[in-house]
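Input: one structure, supplied below.
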Amino acid sequence: MAPKKKISSTKQSPQAATISSSPSLKTTAALVTIFLFITALSLAALGVVTLPLPAPAQGKHAGKVPSGVYDWQPKPLKGEWALNERLLKAERLFEGHIHGSESVAVGLEGELVMLDRTNAVYEATPDGAGGYKLQPQPIAQLGAGRPLGFHFDPEGHLVVADSLKGLLRYSYYDSQSKDITLLTTHVSASSPIDPGSQITYANDLAIASDGTIYFTSSTDIVPQLNQHGYYDTYRAWLLSMMQGQPQGRLLRY
């Protein structure tokens, strides 16, 4: 990966095209494709037509399909796989206060850390009664971007997969500096796949016990700033789905 860079959350100004209010040719084509796709699914559900299984993806990111994949059958819903209603008893936390957090990181002292769709960092601390108290204001702002997956590393830094910028690290417990480090924005030049290419849609991550960060890059289409003032991944996801190209990558830092 590229060398580390330190950035300031107050000086971020990445440029991205905004979504036009007037329908473009691509938008029209996407809507027509969606309509035809839904129509085909509806006819298949009614038994009017039969849809074949999709062929295995082809491309530089797609490998050979292992033998036996199409013969695989799901396990019966019994034992530990049996259906249950446990999640119906779950309590919604911070509804109406946190918008668009795609993960929750648990801190060293049991606090919950969330990043909303504007890259604002929120913290909720245990209230002593089995619940959590949300701080009314964000404790930090990580600059322009759209955070998706994030976790704490073994040293207590908050590592963020930012779909606009790449891989970030925030010094969460360093009360003096509160540094935001841009770990990488590109695939390393020595990579056997896509050497030197930009990471345009960092999605989720997992951190091993030795500090190695494994993360995904979902598509070559970057998120765009929408009319509501935040970077939206919906258009990138929709166009990627319409293309049907195997663009997803698993990366390591």
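For region 138-253, just the Cα set please: Rg and Dmax, both in angstrom.
Answer for region 138-253, Rg first and Dmax second: 14.6, 47 Å.
Please give the peptides 117-124, 85-92 ranked by average Cβ packing (other Cβ atoms within 10 Å per residue), highest first, as a rough proxy for protection.
Sorting 117-124, 85-92 by mean packing, highest first, produces 117-124, 85-92.
Over region 87-170, how many percent of alpha carbon pairs lie in each 5 Å bin up to the one with the longest distance?
Spelled out per bin, shortest first, that is 3, 14, 26, 25, 18, 10, 4, 1.
Just so you know, all these numbers are worked out from the coordinates, no wet-lab data involved. It should be emphasised that the depicted structure is a prediction, and the values quoted were computed from it without experimental measurement. Here Cβ is always computed from backbone atoms with ideal geometry, including for glycine, and neighbour counts include all displayed protein chains.
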